[in-house]
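Take a look at the structure set out below.
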Amino acid sequence: MSYSFTKTVLCCCLGLLMVSCAGSTKRVAGTKFPEYGLASWYGKEHHGHKTASGELFNMNAMTAAHPTLPFGSRVRVTNLENGRTEKVRINDRGPFVRGRVIDVSYRAAERLGFVRQGLTKVRVDLDKLPG
């Protein structure tokens, strides 16, 4: 094989590799996904109160607060401590504590298995934007 042909094939392979890797992250509303950090949960003390979206908070619903995602967005939250994954709908703003990336409802924390700990390391993947 000629040197220029080999070089061309290598460049094409490198280009394909770069393009395939570029799709593994996305940026929405100023946040890069997947997002890694701490998750916390909120429940009884906020149950029945208005969320930032205007709906009433239901601690038994699979919902969450995120600082930037549009209301109605759906994300997959994976507890990195035990591997459990759950889908939640964004209907509130928060958390407002450095290092925390999402605040989930009591029910979501229960299903993710971190109610007792209060906090856990998570991966947040954007599943679907509203609309």
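Listing for the model above:
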item: Volume per residue of the C-alpha convex hull in segment 26-128, rounded to whole Å³; result: 85
item: FRET efficiency, 1/(1 + (r/R0)^6) with R0 22 Å, evaluated for Arg93 and His47 via beta carbons; result: 0.80
item: At R0 = 25 Å, FRET efficiency that the Cβ-Cβ distance of Val28 and Arg116 yields, to 0.05; result: 0.20
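FYI, it's all coordinate maths here, none of it is from the lab. Computed from a predicted structure; not experimentally measured. Positions of Cβ are backbone-derived with ideal geometry, glycine not excepted, and every protein chain shown enters the neighbour counts.
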